[in-house]
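Notes for the one structure printed next.
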């Protein structure tokens, strides 16, 4: 994945959709910024950006 090719909005965010691989059911729709995408790729665990708290949100940690 080339992060530089993604089109972030004016707040530096991009919508992210998590789907079940078999049923294709949408499980989560959230936002990510460049840092959360990099951390997701490094950790192999999903990290989102919380717009309400203005901070990273490690899915499953809270």
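Return yes when residue 34 is surrounded by 10 or more Cβ atoms within 10 Å (Cβ to Cβ) and either modelled with pLDDT of 95 or more or out of contact with any strand residue (DSSP E or B) (no Cβ under 8 Å at 6 or more places or on another chain) (or both) and no when it is not.
Yes: the conditions hold for residue 34.
Being free of Cβ contacts under 8 Å to residues at least 60 places away in the same chain, within 9 Å of the chain's Cα centre (by Cα) and at negative phi is the requirement here; does residue 40 meet it?
So residue 40 passes the test.
When the range 37-57 is examined, which residues are found to be surrounded by fewer than 17 Cβ atoms within 10 Å (Cβ to Cβ), in contact with a helix residue (DSSP H, G or I) (Cβ under 8 Å, 6 or more places away or on another chain) and either part of a strand (DSSP E or B) or at pLDDT below 95 (or both)?
The one that is surrounded by fewer than 17 Cβ atoms within 10 Å (Cβ to Cβ), in contact with a helix residue (DSSP H, G or I) (Cβ under 8 Å, 6 or more places away or on another chain) and either part of a strand (DSSP E or B) or at pLDDT below 95 (or both): 56.
With the checklist (1) on the phi < 0 side of the Ramachandran plot; (2) modelled with pLDDT under 95; (3) exposed (fewer than 12 other Cβ atoms within 10 Å of the Cβ) in hand, flag the one item residue 7 doesn't pass.
Every listed condition holds for residue 7 apart from (2).
Of the residues that make up the range 19-30, is at least one in contact with a strand residue (DSSP E or B) (Cβ under 9 Å, 6 or more places away or on another chain), exposed (fewer than 11 other Cβ atoms within 10 Å of the Cβ) and in a loop (DSSP other than H, G, I, E, B)?
Scanning the range 19-30 turns up at least one residue that is in contact with a strand residue (DSSP E or B) (Cβ under 9 Å, 6 or more places away or on another chain), exposed (fewer than 11 other Cβ atoms within 10 Å of the Cβ) and in a loop (DSSP other than H, G, I, E, B).
The values are calculated or read from the model by the stated rules, or taken from the named source; none is laboratory data. What you are looking at is a predicted structure, and each value in this text was computed from that prediction instead of being measured. Glycine also receives a Cβ, built like all others from the backbone with ideal geometry; neighbour counts cover every protein chain displayed.
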